[in-house]
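A.B. asks: I have a structure here, written as structure tokens, and I will follow up with some questions on it.
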Amino acid sequence: MSDRISPEVVAEILVRSELQTILRCRCVCQQWRSIIDDTNFIKYHIDYSTKTNTNYSFYLKEVNGDFYNLDLDTINACESLEICNLPNIISGTLIGSCNGLLCFRNEKSEDVFIVNPTTRKECWVSGILLANFHNSSTRLSPDVNSVVWTGYGFGYDHVADDYKVVRVAEISYSHQRVVNADNGIGNSNAGFLEYEMVICYVKTGVVRVLKMPYHTRTSQKVGVLADGALHWVMGRYDDLSSPNVIVGYNLGTCEFLEVPQPDSVGNGFRVDIGLFGTWLCIFATDDLDMCIDVWMMKEYGVKESWTKLCSIPHIETCYDFIRPLSFWKRGSEVLLELDDARIVWYDIEKKRVRDVLLRRSQKSYFETIICLRSLAPLPSNENGEMDEI
């Protein structure tokens, strides 16, 4: 019977199905398996899920290694989290997610671990983030006091057809040093800081280093991936009055860009960023008014497309750091992370907070991320090979 249906029709039906249904359909016949395993179908399914804001899961990793997930498509998405058994991520710290792949790093070795939690395929990429690596011009200098990693990111470069792991480094100098006058910086005193970005290509193993004309301003560690760029809230070196610049690093063009913000979000606000589906969003906190304005950018890079979703009274959430995670398409609730220690749904219409609970009592601080459920394969090296565990 299945051979009477054209492959094009089968693909159109399958791409609209739940992912678990698609996986079961691989067993129907050889033709369907061939359709589902085809890279064009996998890309089509990722694009369809992204456009329709479906097939998303929320993942939470406690410091002690426990890993939880929450299906954001289910009617019970406001209920408690389920334990998720991925034992190899126990010692890992979240870097980011892209196309259905989660990326972790080992804090001791800086090795990278990539996993598709849907297909449960996983791999280690060793030596891509050297623990003591930064720019060669400063690496051996006696003036270097410390190198601190202040941010990470993971995304796909469609130009190079490669995944990239990004790390931002803060380099502090303990002694006075003279900087080349051609740089326009001149003499620097003790405590001078520089920021560098290390970009690692997963398939080829190529590593690039860029000097950054920005410095980090927030406790945001994981870059927000939107429209092919990783974003952080930073400040400009040449303008101390610019504390809330949303800086993006485009993975395809390898360029920095500044995202325009709504006119009403000025320097008097504290800015946190995140994603609602594919939309970059801003949580702008006015401590004087004790209020949080929530904005969504419906057309990336277009200032006029910023749309104010709501204002949340600060007393409802009581936080020092807020991270927007998701917007529940079945209702009027937004998923928020507060101070790395609390996950809540905030109901925009009822102006009510509801905590998301773990199946077991929470023991420690945690990391969270939203990840697409997809059939995306693991990135392979130049020879088309990647050791899978």
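A.B. asks: Suppose every K and R has +1 on its Cβ and every D and E has -1 on its Cβ; what is the size of the dipole of region 241-308 about the Cα centre, in Debye to the nearest 20?
C.D. replies: 160
A.B. asks: Still on this structure, please answer the following. Which order do Glu62, Glu255 take by accessible area at a 1.4 Å probe, largest first?
C.D. replies: Glu255, Glu62
A.B. asks: Now a separate question. Report, in listed order, any pair from Lys51/Lys221; Lys121/Lys164; Lys164/Lys211; Lys43/Lys203 with a Cα-Cα distance greater than 24 Å.
C.D. replies: Distance filter (> 24 Å) returns Lys51/Lys221.
A.B. asks: Identify all lysines with a Cα-Cα distance to Lys350 below 21 Å; exclude those on the same chain that are fewer than 8 residues away in sequence.
C.D. replies: Result set, ordered by chain and number: Lys308, Lys329.
A.B. asks: Can you tell me the length gained on complete extension of the stretch Thr93 to Asp38, counting 0.36 nm per residue apart and subtracting the Cα distance?
C.D. replies: 16.6 nm
A.B. asks: Moving on. Just how much of Ile128 is accessible, in Å², when a 1.4 Å probe is used and the result is rounded to the nearest 10?
C.D. replies: Number for this one is 10 Å².
A.B. asks: How would Glu258, Glu8, Glu337, Glu170 rank on accessible area, largest to smallest, probe 1.4 Å?
C.D. replies: Sorted by accessible area, descending: Glu8, Glu258, Glu170, Glu337.
A.B. asks: Now for a separate question. At 1.4 Å probe size, with no ligands or nucleic acids counted, give the accessible surface of Thr50 in Å², nearest ten.
C.D. replies: The accessible area of Thr50 comes to roughly 40 Å².
A.B. asks: Enter the accessible area of Val334 (Å², nearest 10), with the probe set to 1.4 Å and all protein chains included.
C.D. replies: 0
The values are calculated or read from the model by the stated rules, or taken from the named source; none is laboratory data. The model shown is predicted, which means the values in this text are computed figures rather than measured ones. Cβ atoms come from the backbone with ideal geometry, glycine included; neighbour counts cover every protein chain shown. Surface accessibility is based on the protein's heavy atoms, side chains included, excluding ligands, DNA and RNA. Shrake-Rupley method; radii C 1.70, N 1.55, O 1.52, S 1.80 Å.
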